[in-house]
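The values are calculated or read from the model by the stated rules, or taken from the named source; none is laboratory data. All values reported here derive from a predicted model rather than from experimental measurement. Backbone-built Cβ (ideal geometry, glycine too); neighbour counts: all protein chains shown.
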Amino acid sequence: MFIFNYGVVMSQEFISRSNYYFSQTPAKVPGDRILRVAHEKWGPNYNVFRPNSLGIGLAIVMKGKCTFKTDENTWVLSKGCVGAFGPGPSYSIKCDLKNPAEIMIVAFCGGDQINLAKKCIGGTCLGLKPSNSLEISRVYELMLANAKDHAANSEEICNSLIPTLLWTINRGLIKTNKVYSSSQEKFMECKRFIDKNFLSIISVSEVASANHTSHVHLCRLFNKYAQVSPNLYFLKLKMNHAAQLLQFTDQPIKSISFDLGFSDQYVFSKIFKRLTKISPQHFRNSC
């Protein structure tokens with residue numbers, strides 16, 4: 001069990017585990033310090049819930065898969081992914097039954113190191129997919145080697161490698177993004193649908209239905225990830241397309257409005273003017 005976590009352990013099944021502790025009482029020890037380094041093979045029934053954390057557990061998945069959930073997001077962590085399990089929301093980790101995860105993990109605490117984690121990886125409780133997993137694994141392996149040998153200054157060496165680990169992960173995130181949460185995936189699915197079909201889309205309800213979600217949830221997704229309503233998003237695409245037709249073709253305005261799915265030219269002209277501050281005819285005349 002993570003020393004710095006206090007919570008419900010539903011099933012913590014290990015196939016094998018090499019666990020090296022540096023501190024058993026992190027809450028009473030001031031300053032930045034490493035708490036433990038471990039190499040763990042989780043069993044298929046591994047399933048834990050943590051309502052709080054005093055430090056961060058930073059794990060890389062070497063094999064298999066696990067699902068990492070907070071109240072708001074879900075990440076499926078597979079080979080090469082990194083999970084940050086730390087201060088913030090409660091979370092759970094559950095292994096894939098058919099392909100349980102094997103991980104290397106380092107746990108640490110302290111204000112400066114937590115702030116560095118926020119800077120390097122964008123938070124303290126999230127899933128990541130860096131492009132340089134082999135390079136990251138080597139830092140973990142160096143920590144494990146020092147912890148295992150119990151050599152002089154091994155704790156200091158491992159502690160000094162935490163910033164190295166964080167900046168190495170950061171380097172891998174420059175080329176790739178975070179593992180998308182389930183809500184982000186749904187947002188991108190809906191956005192791709194609109195981008196592909198905006199000419200024929202009449203209402204937001206069409207988008208929601210085609211992507212197996214509700215109107216309300218679709219609006220929440222766009223407000224969260226695009227800072228715009230889905231209705232305004234696809235209307236802007238329509239009006240941008242209309243502007244190109246007005247500028248580069250002689251197609252009548254009435255015909256353009258029908259092609260964009262408007263049964264009433266007046267409604268089209270009104271929306272075009274609201275979004276561009278100029279009427280379709282004046283826009284064409286000014287080109």
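Given the structure, is ASN146 closer than 15 Å to VAL37 by Cβ and among the polar types (S, T, N, Q)? Yes, satisfied. The residues in the stretch 206-216 that are hydroxyl-bearing (Ser, Thr, Tyr) and exposed (fewer than 13 other Cβ atoms within 10 Å of the Cβ) can be counted, and the count is 1.
Taken together, ALA59, ALA117, ALA84, ALA107 contain a single residue that is in the same structural domain as GLU141 (by TED's automatic domain parsing), outside any strand (DSSP E or B) and within 21 Å of LEU144 (Cβ to Cβ), which is ALA117. For the stretch 183-194, check the following and say yes or no: at least one residue is loosely packed, with under 15 Cβ neighbours inside 10 Å, part of a helix (DSSP H, G or I) and among the polar types (S, T, N, Q). No, the conditions are met nowhere in the stretch 183-194. Number of residues in the stretch 217-260 that are outside any helix (DSSP H, G or I) and either surrounded by 15 or more Cβ atoms within 10 Å (Cβ to Cβ) or of a type outside the set (A, V, I, L, M) (or both) equals 7.
Looking at the stretch 53-71, is at least one residue among the small types (Gly, Ala, Ser), modelled with pLDDT under 95, surrounded by fewer than 17 Cβ atoms within 10 Å (Cβ to Cβ) and touching a helix residue (DSSP H, G or I) at 6+ places or on another chain (Cβ under 9 Å)? No, that holds for no residue.
Going residue by residue through the stretch 69-87, is there one that turns out to be hydrophobic (A, V, I, L, M, F, W, C), farther than 22 Å from ASN19 by Cα and under 14 Å from the mean Cα position of the chain (by Cα)? Checking the stretch 69-87: at least one residue is hydrophobic (A, V, I, L, M, F, W, C), farther than 22 Å from ASN19 by Cα and under 14 Å from the mean Cα position of the chain (by Cα). Among the residues here, LYS277 qualifies as surrounded by fewer than 12 Cβ atoms within 10 Å (Cβ to Cβ) and out of contact with any helix residue (DSSP H, G or I) (no Cβ under 6 Å at 6 or more places or on another chain).
Condition check ((1) among the charged types (D, E, K, R); (2) assigned by TED's automatic domain parsing to the domain that holds SER78) across all residues:
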residue	(1), (2)
THR124	no, yes
GLU156	yes, yes
THR168	no, yes
VAL228	no, no
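Determine whether SER90 is loosely packed, with under 14 Cβ neighbours inside 10 Å and either among the hydroxyl-bearing types (Ser, Thr, Tyr) or on the phi > 0 side of the Ramachandran plot (or both). No; evaluated as a whole, the condition is false for this residue. Tallying residues that are more than 15 Å from the chain's Cα centre (by Cα), of a type outside the set (S, T, N, Q) and modelled with pLDDT of 85 or more within the stretch 144-181 yields 15.
The residues of the stretch 120-169 that are assigned to a loop (DSSP other than H, G, I, E, B) and either surrounded by fewer than 16 Cβ atoms within 10 Å (Cβ to Cβ) or free of Cβ contacts under 8 Å to residues at least 40 places away in the same chain (or both), listed by number, are GLY122, GLY123, SER131, HIS150, ALA151, ALA152, ASN153.
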